Amino acid sequence: FAGIWETWKDVEGKEWNTYSIITTQPNKEMTPIHNRMPVILHREDEESWLDPSATDRAKIEPFLHPYEDNGLEMWKVSENVNSTRNNDKNLIEKVA
């Protein structure tokens, strides 16, 4: 996923590592599920995305688009994913 991160200190001097995943409009598969989706990078684009000198909008913007239609493998998972209290590998298992 395309994201941004920063390390900073709060007013008490505590250091924080923060990040955000960048989202975009959904592709065909995601449209019935949600009104946005993460920007998914292709492996060949990862190095360019992570290049710290790429701060110009023209270099970044080409990555900020929905993943191509029919490019995702999707399956139904447990509704337990909707709670941050749940954190276990079974959350991503297929359900009937």
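The values are calculated or read from the model by the stated rules, or taken from the named source; none is laboratory data. Given the structure is predicted, the values throughout are model-derived calculations rather than measurements. Glycine gets a Cβ as well: all are built from the backbone with ideal geometry, and neighbour counts include every protein chain shown. Calculation scope for accessible area: heavy atoms of the full protein, side chains included, ligands and nucleic acids excluded. Shrake-Rupley method; radii C 1.70, N 1.55, O 1.52, S 1.80 Å.
Of note:
- All aspartates and glutamates inside 13 Å of K28 as judged from Cα atoms, apart from same-chain residues fewer than 8 positions distant: E68, D69, E73
- The candidate values are (1) 40, 32, 20; (2) 41, 39, 20; (3) 46, 37, 22; the one derived from this structure for Cα extents along the principal axes in Å carries the label (3).
- Loop GluC sites (Glu not before Pro), the stretch 26-71 (other Cβ atoms within 10 Å of the site Cβ: 15 or fewer; DSSP): E68
- Most to least accessible of V39, V77 (protein chains only, probe 1.4 Å): V77, V39
- K28 sits among other residues whose Cβ lies under 12 Å from its own Cβ, and their net charge, with Lys and Arg +1 and Asp and Glu -1, is -3.
- Residues whose amide H lies under 5 Å from that of T24, counting only those 5 or more places away or on a different chain, are M37, V39; hydrogens are built 1.01 Å from N in the peptide plane.
- Accessible area of the chain divided out per residue, in Å², using a probe of 1.4 angstrom: 87 Å²
- Going by accessible surface with a 1.4 Å probe and the largest first, R85, R57 read R85, R57.
- Listed by chain and number, the aspartates and glutamates placed with their C-alpha closer than 13 angstrom to that of K14 amount to none; residues fewer than eight positions away on the same chain are left out.
- Those aspartates and glutamates that a straight Cα-Cα span of less than 15 Å connects to K76, excepting residues fewer than 8 apart in one chain: E29, E93
- Applying a DSSP loop filter and a limit of 10 other Cβ atoms within 10 Å to the chymotrypsin sites (Phe, Trp or Tyr not before Pro) in the chain leaves W75.
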